[in-house]
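One structure is given below, encoded as structure tokens.
The values are calculated or read from the model by the stated rules, or taken from the named source; none is laboratory data. In this text, all values refer to a predicted model and were calculated from it rather than measured experimentally. Virtual Cβ from ideal backbone geometry, glycine too; neighbours counted across all protein chains shown.
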Amino acid sequence: MIYNDADFVGAWDSFFDENGQAMSSLAIFAYAQGNQVDVSTYKDPWEYGGDTGLKDQKVTIKKIKGMSESSIRGMDISSYFALKKAGVKYYDYEGNETPLLKVLHDNGINYIRIRIWNDPFNADGETYGGGGNDVSTGVEIAKEAAKYDMKVLLDFHYSDFWAEPAVQLVPKAWKKDVNNTEKMCSDVYDFTKESIQKFKDAGANIGMVQVGNEITNGLLGIYSNRDKGESFNVIWGDKKKSTEVNKYLKAGIKAVREYTPQALVALHLETPNVWKYKTIMNTWKRDNVDYDVLGSSYYPFWSIAAKANTPKTLKDVQTLAASYGKMFAVFETSWVNSLNDGDGTPNSIGDSTSTGAYEVGPQGQVNELTDLYDTVLSQDNGLGTFYWEGAWIPVKAGWTNWEYNKQIADQYGTGWASKGALGYFPDSKMYYKGKAAWGGTSWDNQALFDINGYPLQSLKFYKDSVSKGKEQIIVLKIVDKNGKEVYATQYVKVEVGKTRKITLPKFSGYYPSNKKYQVTVKGVKEENATQNVVYTRTAAGPAINYNYRVKVTKKNYKLYKNFKWKKSKTKVYKKTYVAKYRYDHKNGNKYLALYTKGGKFVGYINKKAVKRLGSATLPEQGKAYAYGKRVKIKSKKYKLYKNFKWKKSKTKVYKKTYVAKYRYKHENGNKYLALYTKSGKFVGYINTKAAKVVK
């Protein structure tokens, strides 16, 4: 017998439905031969929730040189409690149902990151979703983590819902205070201290507290919108705005220092970029923001063109953190196990995203983590990393279960967002092309579990990559005889029970009091220890950035080659130089280090010998000030110049009228106008004394 049209997908007489899945009636051909067959095995597991095969994919894991038992091998599982309430189950490698925290602990995870939202519910008590991470939810996760001796990182968003580069919304209860900075600081301080106390009362082991989440573009309603193309500099390049943000950070930090003094304080940025991070960190330094750890997000599938999320850029920002005396950790990272959707909510990372950095699959996850830990642990200020939402799987696996997952998300907050967030979170986030975008998880294909809760082989990375025992971090404070820090804090990792010889930093103006640049440290126990290293100030002291052009105006001061007072024969009187540095000598005098315009060192001279001109970072003519007046040239005795290198122009301007667009205040004491014709053509520069303003 020959059956016609059997393979016409979706036809009334076909053995395949409109999705190409085999129908039960196809089994008749097996039964006719006396065989049994389960047609459901032909169903797409991503559609119907079956075994995807991911859990059985083998991986190769190598030992990482810097990975110790003490390295942070962390995971953010903030969605866990909502998933647990919705009935989601997890399993061990033997297929036994097992609590998630036990599975993680048994496979090397030693640190849990928990996001904290102020009030992620609407007026009707409906959850905003995303795990519904209010303080009480976080406490439940922390209590379970404590059973397995895991530390927790508390991640304060200071918002009622997601705080990230594109949105930093003020909590509903604080909106009344947005125009009162001091009251907002009180709100931040009170919420932080009260929350920390609840975690402490529950027995949580708080190892670190993060004040703000991905605050690259601002915090608490003061932020630039990255999605609209606005730069981080809108906030951090504005002194008034950055100062206000930093006041909020300091308020939160104050509460951490007071209520859990043993915990590290962390600040969190994203999309590694040295210039960006340095700009922001300079404002923290300016405003004396007290923190221990610079945290960064790191996703190798984003900002590819800018080469932001690469091991090299990550290493560079970690080195930057070290130069500020800060420890470093990656607070968010992940990689895809598949590009398939397992619950009906489109994935954040799919076919349209660049995933060329690593292969897609469990081995790719291992490779990404290997490169990441190799980078972070290669420097002594590197603590480790946190995998973001590595267990955020569907409530009911299979994208045909989209409607069910959406309903459960609205009830328990298991999806990235729920309908309850409407009215608080921007519509641009809640809708996509006019359709509701909330529902399930958009992260299920980046978990270290399959869509049914079985661990992938990649989860074993956290245990199998460890290459050494427990470590202690020695925090070396470089101080003067009065205990004042004179250089960036240094960090040294040393295995417990072992010693390590290190070289101390050499820098201008100080030297070790014992005149030895080597020190031996010993690992005593698995916790940070602080050790002061006393340096003595040289007679000249440290080089203080000065960077002004100066003119030597007095003859009676000597020029010296060094601070042993060896005189220089160079004639500097009436000459102009760049004074890069200033030294406050113990003899009571201040000295400047003179350089030529080309950067060649000339010598040291008493500051009293010179007249300060303009900043060396600006041209000699100074800033162009808008002028915009019509002028008539009334005098012949002033030259017209093509530029400020004094190249003369042959253009005859006497008795002619021009538009003076700009005015310059030159270091030579004169003011100059930039002349233009009526049609906007540049004419030249001339002394303001040559011109008269006309109507």
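Filtering the stretch 602-636 to residues that are among the aliphatic types (A, V, I, L, M), closer than 30 Å to Lys567 by Cβ and modelled with pLDDT under 95 leaves Leu613, Ala616. What number of residues within the stretch 113-137 are hydrophobic (A, V, I, L, M, F, W, C), free of Cβ contacts under 8 Å to residues at least 60 places away in the same chain and in contact with a Ser or Thr (Cβ under 9 Å, 6 or more places away or on another chain)? The qualifying residues number 2. For the stretch 331-374, the set of residues classified as within 22 Å of Glu403 (Cα to Cα) and of a type in the set (Asp, Glu) consists of Asp341, Asp343, listed by residue number. Among residues of the stretch 138-171 being β-branched (Val, Ile, Thr) and in contact (Cβ under 8 Å) with a residue 60 or more places away in the chain, the one that is surrounded by the most Cβ atoms within 10 Å (Cβ to Cβ) is Ile141. Has the stretch 235-250 got any residue that is of a type in the set (S, T, N, Q) and assigned to a loop (DSSP other than H, G, I, E, B)? No - not one qualifying residue is present in the stretch 235-250.
Looking across Ile349, Ile393, one residue alone is assigned by TED's automatic domain parsing to the domain that holds Gly74, under 30 Å from Lys85 (Cα atoms), hydrophobic (A, V, I, L, M, F, W, C) and under 21 Å from the mean Cα position of the chain (by Cα). It is Ile349. Do the conditions hold for Glu258, that is, is it crowded, with 22+ Cβ neighbours inside 10 Å and of a type in the set (Asp, Glu)? In short, no. Being part of a loop (DSSP other than H, G, I, E, B) and within 15 Å of the chain's Cα centre (by Cα) is the filter; apply it to the stretch 196-220 and report the residue that is farthest from Ala142 (Cα to Cα). Per the stated criteria, the residue is Glu214.
Within the stretch 332-387, the set of residues being within 21 Å of Leu104 (Cβ to Cβ) and of a type in the set (Val, Ile, Thr) comprises Thr333, Val336, Val366, Thr370, Val376, Thr385.
When you scan the stretch 503-517, do you find a residue that is without any contact (Cβ under 8 Å) to a residue 24 or more places away in the chain and closer than 30 Å to Gly669 by Cα, even just one? No: zero hits.
Restricted to the stretch 43-63, and to residues there that are crowded, with 18+ Cβ neighbours inside 10 Å and not charged (D, E, K, R), the residue that is nearest to the chain's Cα centre (by Cα) is Ile61. In the condition set (1) more than 28 Å from Gln457 (Cβ to Cβ); (2) in a loop (DSSP other than H, G, I, E, B), Asn337 is compliant with all but (1).
Conditions (1) farther than 30 Å from Arg537 by Cβ; (2) touching a residue at least 24 places away in the same chain (Cβ under 8 Å); (3) surrounded by fewer than 15 Cβ atoms within 10 Å (Cβ to Cβ), marked per residue:
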position: Asn587; (1), (2), (3): no, yes, yes
position: Lys600; (1), (2), (3): no, no, yes
position: Lys607; (1), (2), (3): no, yes, no
position: Lys623; (1), (2), (3): yes, yes, yes
position: Ala626; (1), (2), (3): yes, yes, yes
position: Lys637; (1), (2), (3): yes, yes, yes
position: Trp646; (1), (2), (3): yes, no, yes
position: Ser649; (1), (2), (3): yes, yes, no
position: Thr657; (1), (2), (3): yes, yes, no
